[in-house]
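Below is one structure, written out as structure tokens; the observations come after it.
Every read-out reported here was derived from the displayed coordinates using simple, explicitly stated rules and does not represent laboratory data. None of these values were measured; they are calculated from a predicted model. Cβ placement follows ideal geometry from the backbone for every residue including glycine, while neighbour counts extend to all protein chains displayed.
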Amino acid sequence: MALVIRVGPARQQWWLDHMQALLPEIECRPWDDPGDPNEIAYAIVWKPPPGGLKRFPNLKCIVSMGSGIDHVTNDPELPRHVPIIRTTAFDLTQRMREYVTLHVLRIHRRLPEIEAAQPFREWRQLINPPAYRRRVGIMGLGNLGADCARTLKAVGFDVAGWARRPKAIEGITCFAGDDQRRPFLERTEILVCLLPLTPETRGILNAELFRTLPEGASVINCARGGHLVDQDLLDALDRGHLAYATLDVFHQEPLPAEHPFWDHPKVLVTPHVASLIDPEAGGKAIADNLRRFIAGKPVPDLVDLEQGY
Ligand code: NDP
Ligand code: OXD
């Protein structure tokens, strides 16, 4: 029994050594040199190339090296019967909390305008409402969204969230389902997307959604590039309906050099760094999950494949 690991080439050897130390009972092999494919029972992957996983006929489980699984399920040749475990380590939640708080505060306190004024030595005293009068809305109230909602509430913001099923989170106004999407959006001045990418959520950040947000609203997308219709965002920003966008994820990563987001004055591009997996904490979470799976114990991070996230 062996496992295969697929990460970016720069970190491949590090992950192999690290996972081998954490799981000495399983032989860890590189994706590009897996040996006899019949021996591969487990695959730990980030963005595996299409058709790559079907090479292993005895695969018992796929581990996504991240919270999202769309980078695995978008493979048209994926062996669909194989269970998928996602990775949700405490440090992923911590990092996303930092990212979202940073960028909500940056927009709330109009930092882009202050930074733009500095080269002109302009003393730009902007008056903001206090956070309790700023309405933030989080799309997705899962592991990451619910934690960010609580954090922003603790900072003082007026926070609402939207999910598929009804939720009760203390201090947060919770909306659920398609019927409640409009009232959620209408009250949202800073929108944070933390949805998984599924057929239902693909392209959800589109012209209609932007029109529903109040004039002057801003958007932070730290979920997946596939949620956003790029041109609709550019139009809404250029029309002045939206004030700012902060984007961490893109249809194509790295974002191509010629993409208009790069030099748009109202867009901040961050290179998919909102919450990268920490090799230490992430590796331990992966090893713990795999051990539970192999022992037949419940694995909380096991994905509901029917639900799609
Ligand atoms: P979870 O699966 O824990 O939560 C997903 C949330 O989205 C749930 O609240 C779910 O609702 C809601 N949701 C799903 N589908 C719909 C829908 N059709 N309509 C309304 N709500 C919906 O995910 P995580 O919080 O762990 O992660 C969210 C995403 O963040 C990941 O899938 C990934 O794409 C992205 N991510 C990005 C990172 C980065 O560095 N930029 C790092 C890590 C993750 P319900 O609760 O009712 O099921
Ligand atoms: C993830 C990510 O899904 O890093 O964990 O995007």
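Structural remarks
- Of all residues in the stretch 65-92, those satisfying the criterion of being in contact (Cβ under 8 Å) with a residue 60 or more places away in the chain, within 16 Å of ligand 1 (Cβ to nearest atom) and not aliphatic (A, V, I, L, M) are Gly66, Ser67, Gly68, Asp70, Thr73, Pro83, Arg86, Thr87, Thr88, Phe90, Asp91.
- Some residue of the stretch 94-114 being surrounded by fewer than 18 Cβ atoms within 10 Å (Cβ to Cβ), on the phi > 0 side of the Ramachandran plot and part of a loop (DSSP other than H, G, I, E, B): yes
- Of the strands (runs of 3 or more DSSP E) contained entirely in the stretch 217-309, those carrying at least 3 residues that are away from ligand 1 (no atom under 12 Å from the Cβ) and surrounded by 20 or more Cβ atoms within 10 Å (Cβ to Cβ) fall at 217-221, 242-247.
- Subset of the stretch 117-154 (residues that are under 30 Å from Ile277 (Cβ atoms) and assigned to a loop (DSSP other than H, G, I, E, B)): Gly140, Leu141, Gly142
- Taking each residue of the stretch 16-39 that is closer than 27 Å to Pro50 by Cβ and touching a residue at least 12 places away in the same chain (Cβ under 8 Å) and looking for partners that are of a type in the set (Ser, Thr, Tyr) and surrounded by 11 or more Cβ atoms within 10 Å (Cβ to Cβ) with beta-carbon atoms closer than 8 Å, six or more apart or interchain, yields Ile26/Tyr42.
- Some residue of the stretch 153-172 being closer than 16 Å to Ala217 by Cβ and either in contact (Cβ under 8 Å) with a residue 60 or more places away in the chain or of a type in the set (Phe, Trp, Tyr) (or both): yes
- Extreme residue, farthest from Ala43 (Cα to Cα), among residues of the stretch 1-15 that are among the hydrophobic types (A, V, I, L, M, F, W, C) and assigned to a strand (DSSP E or B): Ala2
- Every test in (1) within 15 Å of ligand 1 (Cβ to nearest atom); (2) out of contact with any Ser or Thr (no Cβ under 8 Å at 6 or more places or on another chain); (3) among the β-branched types (Val, Ile, Thr); (4) more than 19 Å from Asn289 (Cβ to Cβ) is passed by Thr101 save one, and that test is (2).
- Residue in the stretch 94-101 that is among the aromatic types (Phe, Trp, Tyr) and more than 14 Å from ligand 2 (Cβ to nearest atom) present: no
- Condition check for Leu53 on (1) in contact (Cβ under 8 Å) with a residue 24 or more places away in the chain; (2) farther than 19 Å from Ala223 by Cβ; (3) within 16 Å of ligand 1 (Cβ to nearest atom): one failure, at (3).
- Residues being in a loop (DSSP other than H, G, I, E, B), farther than 18 Å from Trp15 by Cβ and within 11 Å of ligand 2 (Cβ to nearest atom) - total across the stretch 69-87: 1
- Only one of the numbered conditions (1) within 14 Å of ligand 2 (Cβ to nearest atom); (2) free of Cβ contacts under 8 Å to residues at least 40 places away in the same chain; (3) closer than 21 Å to Gly140 by Cβ is not met by Pro271, and that is (3).
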